[in-house]
Each structure stands twice: as C-alpha cells, then as structure tokens.
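A short worksheet on the structure shown next.
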Amino acid sequence: MNISSSKENILKKIRKALSHSTPLPFPQSQGSKPVFGSLQQEPELEFAEQFTKLQGKFIYCINRQELAFQLGSLVKKQDWKKVYCVEDKIIEPVASLLADRLVKTYLANCDVAITGCEFLVARTGSIVMSTGQASGRTTSVYAPIHICIAYTNQLVYDLKDALQATKEKYGENFPSLITFATGPSRTADIEKTLVVGVHGPKEVYLFLVEA
C-alpha cells in the first residue's frame, strides 16, 4: 500500500467518525456551574488567608491615611533607600513622606518596587497585573521586593472573574500580558528543594485599603 492510499483510508475513517455524533462521557462537565463552592467568609479575609499561606505579607488599611502611615513606617524601618514607582496615582498617599527615596529610573538598582494591580483573586490569594498598568511587564518581576497597593473594590472571587473584569475594563484594548502573581517567586526544580526569590521577588507585600 502506497502513502497516497494510506492517507485516503485515514481520511475516510475521519469522515465516517465525524458523520456520527458521540455523546459526551461526562455531560455535567460542560456548563456554567462553578467548579469551586462559594466563599464561606468575606473576600478580604479569604484573600488574606490564602496570600499569607503563600508567604505573602498582608497589611490591611482602613483608609489612605493609614496606608501612608503603614507604608511610610515600613520603608523607614527596613531602611530602603531607593523605592521605585512609576504609578503616580498609586503612590500619591505616601509620596510626600518618601519624596527623598522615590525613583522612576534604574529599576535594577532599586531596593523595592511599588505597583498597583488590576484585581485580587480571593480564592487563590493572587495579584492580577497587566501591561495596561504604567508599571508594565518588568516592575513586579525584577525588583527584589515587591509592594502592591490595592483596594477592596478590586477583590474578585476566582480567576475567571478577574479575566472577565479585565475584559470589561479594557474592551478592545485588551492588555498584551496578564500576570497572576501568587506569593513570592519560588521553585523546587533543583533537587526538589524549595527556593524563594529565584525568578522574581523574594518578598511580596500587599497593602489592602478599604475603598
């Protein structure tokens, strides 16, 4: 049998198979029913629990004034000299307190980088970021320490909710990259030993502000 006739036989079998519909083996798997159950507590609490389980450092702020106090105190306590941030709106509450430390250039030389985010996923404790933000692709990855400032109205339940909300926010100008950052960077590729901070920040702080 030559190659041509073998190919024709395969195509015949495919056409025959397509002419007969095959029932789904698990019909309940197709549909709009959520895979995970609903939250049993407030989304703020759920996010905080999941985020801290992943070695993230969570700070809740009742308002922007408390954010300024908490963030300013942290920067001074840790003695971070160069605080990188290009999102002016995000850093506004604390800009006056950190004026002598804020920089917008030379990310590689900074001690810590501050960004906002698109959304927070309560179920997984994930921070959702995109290239639609002024900080772009690199800020949250290349800095040794990442601080994210978010608000309670950015909390969503699950990953699909974050994607849907991002789609609604940007419409046709959907970002070219969406990142789901779930705690500090970690890997166990080398001898199955967990190492933190290999491919990204070794510490991640999340300041959640009441909206």
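Could you compute the net charge surrounding ASP111? Neighbours are other residues with a C-beta less than 15 Å from the C-beta of ASP111; K and R count +1, D and E count -1. With Lys, Arg at +1 and Asp, Glu at -1, the neighbours total +4. By the gyration tensor of its Cα atoms, with a ≥ b ≥ c the square roots of the eigenvalues, what is the shape of the range 63-143: rounded for a/c under 1.5, prolate for a/b over b/c, or oblate? Note, shape of the range 63-143 comes out oblate.
Treating r as the C-beta distance of ASN109 and LYS160 and R0 as 41 Å, the FRET efficiency rounds to 0.60. For GLU210 and LEU177, the FRET efficiency from 1/(1 + (r/R0)^6), where r spans their Cβ atoms and R0 equals 30 Å, is about 0.55. Here THR131 and ASN9 are evaluated by their C-beta separation; at R0 = 35 Å the FRET efficiency comes out at 0.10.
Close amide H pairs (under 5 Å, H built 1.01 Å from N) link LEU155 with LEU120, residues at least 5 positions away or on another chain. Annotation: amide H-H contacts under 5 Å for SER126 (H modelled 1.01 Å from N, sequence separation of 5 or more, or interchain): VAL121. Counting charges near GLU210 (Lys, Arg +1; Asp, Glu -1) among other residues having Cβ under 11 Å from its Cβ returns a value of -1. Calculate the length of the line joining the C-alpha centroid of the range 128-165 to that of the range 49-85, in whole Å. That distance is 16 Å. Length gained on full extension, LEU97 to LEU54, computed as 0.36 nm times the residue gap minus the Cα-Cα distance: 12.5 nm. Using a simple spin-label model with pseudo-atoms 7 Å out from Cα toward Cβ, GLU168 and LEU18 lie 3.8 nm apart.
Summary of packing: across the peptides 201-207, 165-171, the per-residue average of other C-beta atoms within 10 Å ranks them, highest first, as 201-207, 165-171. Computed packing ranks the peptides 154-164, 113-123 as 113-123, 154-164, most packed first, by mean other Cβ atoms within 10 Å. Here the peptides 6-15, 175-184 are ranked by packing, the mean other Cβ count within 10 Å, and the order with the highest first is 175-184, 6-15. Electrostatic tally near ASP161: other residues with Cβ closer than 14 Å to its Cβ, Lys and Arg +1, Asp and Glu -1, net 0.
Coordinate-derived values only; no laboratory data. As the structure is a computational prediction, the values presented were derived from the model and not from experiment. With ideal geometry, Cβ positions are generated from the backbone for all residues, glycine too; neighbour counts draw on all protein chains shown.
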